[in-house]
1. Given (1) farther than 15 Å from Gly35 by Cα; (2) part of a loop (DSSP other than H, G, I, E, B), identify the lone condition not met by Trp80.
2. Condition first: closer than 22 Å to His68 by Cα and touching a strand residue (DSSP E or B) at 6+ places or on another chain (Cβ under 6 Å). Now tell me which residues in the stretch 85-106 satisfy that.
3. Please go through the stretch 1-12 and give me each residue that is farther than 20 Å from Ala66 by Cβ and either under 12 Å from the mean Cα position of the chain (by Cα) or outside any loop (DSSP other than H, G, I, E, B) (or both), ordered by number.
4. Would you be able to tell me the number of residues in the stretch 22-55 that are under 18 Å from Leu97 (Cα atoms) and either part of a strand (DSSP E or B) or at pLDDT below 95 (or both)?
5. What number of residues within the stretch 23-39 are in contact with a strand residue (DSSP E or B) (Cβ under 9 Å, 6 or more places away or on another chain) and exposed (fewer than 15 other Cβ atoms within 10 Å of the Cβ)?
6. Evaluate the following for Lys15: is it within 14 Å of Met90 (Cβ to Cβ) and either in a strand (DSSP E or B) or not hydroxyl-bearing (Ser, Thr, Tyr) (or both)?
7. Just a yes or no: is a residue in the stretch 92-114 assigned to a loop (DSSP other than H, G, I, E, B), surrounded by fewer than 16 Cβ atoms within 10 Å (Cβ to Cβ) and touching a Lys or Arg at 6+ places or on another chain (Cβ under 7 Å)?
Amino acid sequence: MTVQASCHCGAVKFKLNIQPEWLIKCNCSICSKLGTLWAHTLEKDAEITMPESATLAYKRKDASLAFHTCKTCGCTTHWWSVKRGEDERMALNMALLDPKILAQYRIRHFDGADSWKFTD
């Protein structure tokens, strides 16, 4: 089953071609402020459709991830590794799903602020 979503204005669309076992609510310094629900995956299992300059990438100085936000509506849509090509990990913000579809998923809580472990 393919899962599809987009940012509020529709400029950034994504498809996840696998069914995630759960979504991740992280409490790290960035995720807690963004209000995201991540589906972690590999790039080969996802498709992102957007104009070339549709997103703004945010990277902390010491970070290994680039968080992408739509320049038009401000929705955070996904993150990619800053080492794309070497590291195929990525995540899609499933909080952008239709609420009826989102309600079908189990949400796991990850302590990205301290222990780097799931708390449930």
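1. With respect to (1) farther than 15 Å from Gly35 by Cα; (2) part of a loop (DSSP other than H, G, I, E, B), Trp80 is out only on (2).
2. Residues of the stretch 85-106 that are closer than 22 Å to His68 by Cα, as a first pass: 85-99, 102.
Of everything in the stretch 85-106, those that are closer than 22 Å to His68 by Cα and touching a strand residue (DSSP E or B) at 6+ places or on another chain (Cβ under 6 Å) turn out to be Asp87, Glu88, Arg89, Met90, Ala91, Leu92, Asn93, Met94, Leu96, Leu97.
3. Here is the first cut: in the stretch 1-12, the ones farther than 20 Å from Ala66 by Cβ are 1-4, 8-10.
The answer is Val3, Gln4.
4. The number of residues fulfilling the criteria is 12.
5. Initially, the stretch 23-39 is screened for residues in contact with a strand residue (DSSP E or B) (Cβ under 9 Å, 6 or more places away or on another chain), giving 23-28, 30-32, 34-39.
Checking which are exposed (fewer than 15 other Cβ atoms within 10 Å of the Cβ) leaves us with 27-28, 32, 35.
Qualifying residue count, the stretch 23-39: 4.
6. Yes; evaluated as a whole, the condition is true for this residue.
7. Here is the first cut: in the stretch 92-114, the residues assigned to a loop (DSSP other than H, G, I, E, B) are 97-98, 103-106, 112-114.
Checking the rest, the ones that are also surrounded by fewer than 16 Cβ atoms within 10 Å (Cβ to Cβ) come to 98, 103-104, 106, 113-114.
Still in the list and also touching a Lys or Arg at 6+ places or on another chain (Cβ under 7 Å): none.
No, the stretch 92-114 has no match at all.
Every residue, every condition in (1) touching a His at 6+ places or on another chain (Cβ under 8 Å); (2) of a type in the set (A, V, I, L, M); (3) farther than 21 Å from Gly10 by Cα, yes or no:
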{"site": "Lys25", "(1), (2), (3)": "yes, no, yes"}
{"site": "Thr49", "(1), (2), (3)": "no, no, no"}
{"site": "Ala66", "(1), (2), (3)": "no, yes, no"}
{"site": "Cys70", "(1), (2), (3)": "yes, no, no"}
{"site": "Glu86", "(1), (2), (3)": "no, no, yes"}
{"site": "Met94", "(1), (2), (3)": "no, yes, no"}
{"site": "Arg106", "(1), (2), (3)": "no, no, yes"}
{"site": "His109", "(1), (2), (3)": "no, no, yes"}
{"site": "Thr119", "(1), (2), (3)": "yes, no, yes"}
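The values are calculated or read from the model by the stated rules, or taken from the named source; none is laboratory data. Computed from a predicted structure; not experimentally measured. When we count neighbours, we look across all protein chains shown, and the Cβ atoms used for this are built from the backbone with ideal geometry, even at glycine.
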